[in-house]
Structure formats: structure tokens, C-alpha cells
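Working notes, beginning with the structure itself.
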Amino acid sequence: MKTLMILLTALFVIAFHAETAIAKNQLIVGAFSHSVSSDELPENWEPLIFKKIDRHTQYRMDRDGDLPVIKAVSRASASGLIRKISIDPKKYPIIKWRWKITNIYKNGDATRKDGDDFPARIYVAFEYDSQKVGFFEKVIFAAIKLFYGEYPPITAINYIWGSKASVGTVLENPYTGRVKMIVVQSGKKKLNTWIEEERNIYKDYVNAFGKKPPMISGIAIMTDSDNTGESAISFYGDILFESEE
């Protein structure tokens, strides 16, 4: 009996340390599958609203089978859900998420303002750093902070599900050079199918901007259709970051 107790204790310690190692290796940003509410937004997430856009995409907790997920419904609308969180991309360079879309946009075109809509995108924002901008940009960023109460992101990467662009393409957002878009999925072949994605955000940033990334300041999900005037229903699963250790 004593030997059995020692063995069980040893197994418990091993299991405990294994769980601790996994926890240290991961940073869960969107634990949607653990939500217990079907009505409220997930904990720590809030609406991302654009003042010049009147119609907003609707987000709510839903279920796909037995698994809680985020459902996004966009009808000629645009808005997102954001979690403001500070993450060191050097420590946690790997981002993973799940998503599913039910349609693509007929007039979607990532290179044009009037086609800049996506049934699903993961938006990674990077922290403003006054040491990395010129004098006039500092003035602009300071003015924005006075108006909104906080600095906007200095740069951002969008992982997008495009209509036509080839997977792997890195595009400049048609509205601003501070946002780079990376085509992770494209076209109709994987409609109505849950896709698990994994990207190295650190390497993607260096490839897109030609320099090392600053701290991440927030993660957003976004389904928008205001430019094309079309509609989409899409779903988002859990989002997490991992170290490479």
C-alpha cells in the first residue's frame, strides 16, 4: 500500500508539472469554448465600433454542436470584437485560432477600398511607440489620444479569408500602409468547414514590415461587409498564443 501511495503521488506531481508547463507555454486570449452564456459577449472582449459606420456587425455566443463559439452576422455592416491585452510577440510568437465561414463576397477585392471586406479576419494590433515615429506623426498620434483617450495601434496585421487573392499573399491595406493583410484562406473550397490556423506572428511582422515587432496591444475578430454591401455569417473558435519552447 505504501508503495502504491508513493507511485500515485509521483504520478500526480508529474501530471501537475506537465499541466503547469502547458499553461506557461500558452496564453489563451479568446476562451470562447469555455463560455457558459449564450447571450453575453465573452469575458474581456468588447465591441470595436467605427464612428463613421452606422451599421454594425452583430456578434454573440452561439453553439456549433456542443461547442460554444462566436457567431458573426454582417449585413452591409462593419464592426469587430476586441480584447485589449499586452503580449510580447518574442515570448509568444505563435498564434492559433479556429474559424468557419459560410460564404465569400462576390465583389470582395483586398486591393481596393470598395472591395475591402472579409467574411472573417483576425486583427493583431501593435503598441504605439513614440521612439519609432517622426515629429509630425507624434503630433497626429497625440491628437488622436486626446480625442479617444488612448493611443491607436502603431501598426497591425490582419489574417484574412479572401475572395480571390492567393493564399500566402501579403497585401497593404488600401486605406493605410500601417496595416498589412496576410491571406490565410481564400475562395469557396473550405466553406462550412472549421479550419484550424497557426501562424508565427513574429516572423509575419518582420516579413511584412521589415523590422522587429513592438508589443502586441490587442486582438480583434472582424466580419465586415460595408464596402461591398453584401452579407456574411461566420464563426470564430478559441484564440491563443504559444511560445516556441
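Would you confirm whether or not segment 184-199 contains a residue that is hydroxyl-bearing (Ser, Thr, Tyr), modelled with pLDDT of 95 or more and within 26 Å of Glu46 (Cβ to Cβ)? Talk me through it step by step, then tell me what you get.
Applying the first criterion (hydroxyl-bearing (Ser, Thr, Tyr)) to segment 184-199 yields 186, 193.
Retained after the next criterion (residues that are modelled with pLDDT of 95 or more): 186, 193.
Within this subset, residues satisfying the condition of being within 26 Å of Glu46 (Cβ to Cβ) are none.
So far as segment 184-199 goes, no, none of its residues is hydroxyl-bearing (Ser, Thr, Tyr), modelled with pLDDT of 95 or more and within 26 Å of Glu46 (Cβ to Cβ).
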(request) Considering every residue within segment 206-214, establish whether at least one is closer than 17 Å to Asp109 by Cβ and either in contact with a helix residue (DSSP H, G or I) (Cβ under 6 Å, 6 or more places away or on another chain) or among the basic types (Lys, Arg) (or both). (result) no
(request) Search segment 215-245 for residues being under 29 Å from Ile53 (Cα atoms) and in a loop (DSSP other than H, G, I, E, B), and hand back the single one that is nearest to the chain's Cα centre (by Cα). (result) Met215
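Of these, Asp88, Asp62, which one is surrounded by 14 or more Cβ atoms within 10 Å (Cβ to Cβ), in contact with a Lys or Arg (Cβ under 8 Å, 6 or more places away or on another chain) and at pLDDT 90 or above?
Numbers: Asp88 fails: in contact with a Lys or Arg (Cβ under 8 Å, 6 or more places away or on another chain).
Step by step, each of Asp88, Asp62 is checked, and only Asp62 is surrounded by 14 or more Cβ atoms within 10 Å (Cβ to Cβ), in contact with a Lys or Arg (Cβ under 8 Å, 6 or more places away or on another chain) and at pLDDT 90 or above.
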(request) State the number of residues belonging to segment 171-189 that are within 16 Å of Val206 (Cβ to Cβ) and loosely packed, with under 14 Cβ neighbours inside 10 Å. (result) 0
(request) State yes or no: is Leu171 within 14 Å of the chain's Cα centre (by Cα) and among the aliphatic types (A, V, I, L, M)? (result) no
(request) From Pro47, Pro42, grab the single residue that is within 16 Å of the chain's Cα centre (by Cα), surrounded by fewer than 15 Cβ atoms within 10 Å (Cβ to Cβ) and within 20 Å of Tyr123 (Cβ to Cβ). (result) Pro47
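Run down Glu137, Glu150 and say which single residue is surrounded by fewer than 12 Cβ atoms within 10 Å (Cβ to Cβ) and modelled with pLDDT under 60. Don't jump to the end; show me each part of the working.
Values: Glu137 fails: surrounded by fewer than 12 Cβ atoms within 10 Å (Cβ to Cβ).
After applying the criteria, what remains is Glu150.
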(request) Kindly indicate whether any position in segment 218-225 is modelled with pLDDT of 95 or more, surrounded by fewer than 16 Cβ atoms within 10 Å (Cβ to Cβ) and among the β-branched types (Val, Ile, Thr). (result) no
(request) Return only the number of the condition from (1) within 22 Å of Pro89 (Cα to Cα); (2) modelled with pLDDT of 60 or more that Pro42 does not satisfy. (result) (1)
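The values are calculated or read from the model by the stated rules, or taken from the named source; none is laboratory data. In this text the structure is predicted, and so the values were computed from the model without any measurement. Glycine also receives a Cβ, built like all others from the backbone with ideal geometry; neighbour counts cover every protein chain displayed.
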